[in-house]
1. Mind checking which helices (runs of 4 or more DSSP H) fall wholly inside region 19-98 and carry at least 1 residues that are within 16 Å of ligand 2 (Cβ to nearest atom)?
2. Given Val314, Val238, Val259, which one is under 15 Å from Gly77 (Cβ atoms), free of Cβ contacts under 8 Å to residues at least 60 places away in the same chain and touching a His at 6+ places or on another chain (Cβ under 9 Å)?
3. Kindly establish whether Lys271 is within 16 Å of the chain's Cα centre (by Cα) and away from ligand 2 (no atom under 16 Å from the Cβ).
4. Can Ala246 be described as surrounded by fewer than 16 Cβ atoms within 10 Å (Cβ to Cβ) and either of a type outside the set (Val, Ile, Thr) or over 21 Å from Ala52 (Cβ atoms) (or both)?
5. Working only within region 197-210, note down all residues that are free of Cβ contacts under 8 Å to residues at least 60 places away in the same chain and farther than 19 Å from Ser284 by Cβ.
Amino acid sequence: MTKPHLLQIGNVTERMRARFEAEFEVTRLFDTPEAERAAMLAARGSDIVAVATDGHWGVPPYVMMALPNLKVVSSYGVGYDAIDATGAAARGILVSHTPDVLNDEVADTAILLWLAVYRRLVPADRWVRKGGWEEKGAFPLTRSVKGTTVGVVGLGRIGQTIADRVQAFGAKVTYHSRTPKPVDYPYFDNLEAMAAECDALVCITPGGPGTRHIVNAAVLAALGAEGVLINVSRGSVVDELALVAALEGGALGGAGLDVFEAEPKVPDALKRMENVVLTPHVGSATVETRQAMGDLTCDNLSQFLKDGTVLTPVPECRGL
Ligand code: NAP
Ligand code: 8YV
């Protein structure tokens, strides 16, 4: 029996590859040189019914247009700003993602960055390695997170998990989102007003046009010279030029960043700053969590083959 055709965009784990190949005839987009991909899709696109991708690559518009018989897109990640889910839904294409299974890991990453900035973990490590401890003595005192106020920007699945952890460190939580949630934390419908009341902001909204640069120069100025910005959402959420300017000018105290506007490119200015901690988009990147995400990515495709539905559709595709 012939297997249905799947287009794989991006890299996957061995475990995912084995499951894809058990159920599908797999074409890997990146096995074809970039200049030849459009021609390859023009020749084979009408066979393809399924796409497996991730939050970084999504489905580029030229790929979406080249697949007239596409029925399902399964994305390895919760954020799907790189997929036109509204356009897909209008074509009857189901889009699935991997919510919830990564909440704890991404929340841990946010806390890791928050603590690392406050306690100056990276400079302290360097102090030991480069002989500063022996030559100069004790490392300068740092700041405590206890008693501070943290504004969660986007109190969704991961945001709520971050809020729980923040409270365990003796800090207070406030939050901003478009709509208030059924929680006891103070709600701000205005992000700049919340920033003015906070010691730190943690961004964990989706990316895309609706959140582009919601953390702008005015928000950073309101956060202030002692303020700390943590971003584990998408690089597009923060105006990176404004962030660099605020840090360089001393208008902002520090930052912990897992995501960037043009990743993997990171502004050199940020790399030079001692009060900034940088990680390469590793919010969910542990063996355990990536396995859970991979399994759900595959389970969504298996479910689709079984009955034409997926387990975790994105909101735009619920009810398809
Ligand atoms: P979620 O449950 O959908 O939560 C998103 C929250 O953002 C919601 O509470 C939503 O509330 C709020 N929001 C949406 N648009 C907003 C806007 N314009 N202004 C203010 N708030 C807004 O999503 P999640 O599962 O927590 O994931 C959140 C995001 O984290 C993902 O989309 C992804 O971009 C990012 N992420 C990053 C990593 C990493 O490796 N760094 C890993 C996983 C996820 P309202 O609708 O009321 O506004
Ligand atoms: C992944 C993410 O690194 O889930 C998300 O939205 O940003 C991360 O978990 C990304 O999807 C690439 O696989």
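What follows is calculated from the coordinates using simple rules that are stated; it is not laboratory data. Every value quoted in this text rests on a predicted model; they were computed, and no experiment measured them. Reconstructed Cβ throughout: ideal geometry from the backbone, glycine too, with neighbour counts over all protein chains shown.
1. Values: elements: 37-44, 61-65, 85-90.
Counting at least 1 such residues, we get 85-90.
2. Values: Val314 fails: free of Cβ contacts under 8 Å to residues at least 60 places away in the same chain; Val238 fails: under 15 Å from Gly77 (Cβ atoms).
Of Val314, Val238, Val259, the one residue that is under 15 Å from Gly77 (Cβ atoms), free of Cβ contacts under 8 Å to residues at least 60 places away in the same chain and touching a His at 6+ places or on another chain (Cβ under 9 Å) is Val259.
3. no
4. Details: surrounded by fewer than 16 Cβ atoms within 10 Å (Cβ to Cβ): no; either of a type outside the set (Val, Ile, Thr) or over 21 Å from Ala52 (Cβ atoms) (or both): yes.
No; evaluated as a whole, the condition is false for this residue.
5. To start, the set of residues in region 197-210 that are free of Cβ contacts under 8 Å to residues at least 60 places away in the same chain comprises 197-199, 201, 203, 205, 209-210.
Once the filter is applied, which keeps residues that are free of Cβ contacts under 8 Å to residues at least 60 places away in the same chain and farther than 19 Å from Ser284 by Cβ, region 197-210 yields Glu197, Cys198, Asp199, Leu201, Pro209, Gly210.
Here's the yes/no breakdown for (1) within 16 Å of ligand 1 (Cβ to nearest atom); (2) among the aromatic types (Phe, Trp, Tyr); (3) over 13 Å from Cys317 (Cβ atoms):
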{"position": "Asp47", "(1), (2), (3)": "no, no, yes"}
{"position": "Thr53", "(1), (2), (3)": "yes, no, yes"}
{"position": "Pro68", "(1), (2), (3)": "no, no, yes"}
{"position": "Ser75", "(1), (2), (3)": "yes, no, no"}
{"position": "Tyr80", "(1), (2), (3)": "yes, yes, no"}
{"position": "Ala89", "(1), (2), (3)": "no, no, no"}
{"position": "Ser96", "(1), (2), (3)": "yes, no, no"}
{"position": "Asp104", "(1), (2), (3)": "yes, no, yes"}
